[in-house]
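Report on the following structure.
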Amino acid sequence: MSSTDGVKQTRRDQILSAAAELFARHGFHGVGIDDIGAAVGISGPALYRHFRSKDAMLGEMLTAISERLLDGGLRRVEAANGPEHALRELVRWHVDFALDDPALITVQIRNLANLTDADRRRVRALQRRYVEVWVETIRRTVPRADEPTARAAAHAVFGLINSTPHSAHLDREQMAALLSRMALAALTTAGVLDPALATP
């Protein structure tokens, strides 16, 4: 990669970060190209040197979120010392993501319908793979858990953790510990996780 490419990538990241904050605050349709440009100190039309449209920007943003969640989840499962450790690591990973990037979580939840058909299919495929990482880990942890129960439990935990943009009223460390305990407790209550294992 040339140094010029490196500068362009940095600018693209800045644009996507600013767009995520604006989309989360005002909604996709409530934000114009000029708003995004102003947030990064360039003219709206200059954004077209980096993205062909606002739709393309959203597509890249949501694809990147889904790829990041999937890749991070897979790495943690592969590095874990057994299925119980893997499940705790998945909880920790999703909690960290939600706390560190609340705007991205909000945009992901609210804007799937605003994607082009091609981008929506790509994002949904990545999301399904991420869910499967959780389902497989839950079932390895508790073999008696059937597939529908494991899937329902995974989605319930996502809902809990993804509420962070509205519920993060403690400092970062306290909120991470609270969310992890609550997620693991939810899995325990559902009979998915043994109470002896439900510690972050």
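Okay, residues lined up against (1) charged (D, E, K, R); (2) open to solvent by 30 Å² or more (accessible area, probe 1.4 Å); (3) over 21 Å from Ala153 (Cα atoms):
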site	(1), (2), (3)
Arg49	yes, yes, yes
Leu69	no, no, no
Gly73	no, no, no
Gln127	no, yes, no
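Only one of the listed residues (Ala118, Ala152) is open to solvent by 20 Å² or more (accessible area, probe 1.4 Å) and over 30 Å from Gly30 (Cβ atoms). That residue is Ala152. Does Glu136 fit the bill of being out of contact with any Ser or Thr (no Cβ under 6 Å at 6 or more places or on another chain), open to solvent by 60 Å² or more (accessible area, probe 1.4 Å) and assigned to a helix (DSSP H, G or I)? Answer is yes for this residue. Within region 5-15, is there a residue that is more than 22 Å from the chain's Cα centre (by Cα), open to solvent by less than 20 Å² (accessible area, probe 1.4 Å) and within 26 Å of Thr116 (Cβ to Cβ)? Scanning region 5-15, I find no residue that is more than 22 Å from the chain's Cα centre (by Cα), open to solvent by less than 20 Å² (accessible area, probe 1.4 Å) and within 26 Å of Thr116 (Cβ to Cβ), so the answer is no. How many of the residues making up region 101-113 are surrounded by fewer than 20 Cβ atoms within 10 Å (Cβ to Cβ) and under 29 Å from Val142 (Cβ atoms)? Matching residues across region 101-113 total 1. Kindly establish whether Asp96 is in a helix (DSSP H, G or I), open to solvent by less than 30 Å² (accessible area, probe 1.4 Å) and charged (D, E, K, R). No.
Which residues, taken from region 1-22, are of a type in the set (A, V, I, L, M, F, W, C) and modelled with pLDDT under 75? Once the filter is applied, which keeps residues that are of a type in the set (A, V, I, L, M, F, W, C) and modelled with pLDDT under 75, region 1-22 yields Met1, Val7. One residue stands out in region 51-67 among those that are of a type outside the set (A, V, I, L, M, F, W, C) and open to solvent by 30 Å² or more (accessible area, probe 1.4 Å): the one that is farthest from Arg11 (Cα to Cα), namely Glu67. Residues in region 155-177 that are open to solvent by 50 Å² or more (accessible area, probe 1.4 Å) and either modelled with pLDDT of 80 or more or over 21 Å from Pro102 (Cα atoms) (or both): His155, Ala156, Asp171, Arg172, Glu173, Gln174.
The values are calculated or read from the model by the stated rules, or taken from the named source; none is laboratory data. Worth saying up front: this structure is predicted, and the values here are computed from it rather than measured. As a convention, Cβ positions derive from the backbone with ideal geometry for all residues, glycine included, and neighbour counts pool all protein chains shown. To get the accessible areas, we keep the full protein, side chains included, count just its heavy atoms, and leave off ligands, DNA and RNA. Shrake-Rupley method; radii C 1.70, N 1.55, O 1.52, S 1.80 Å.
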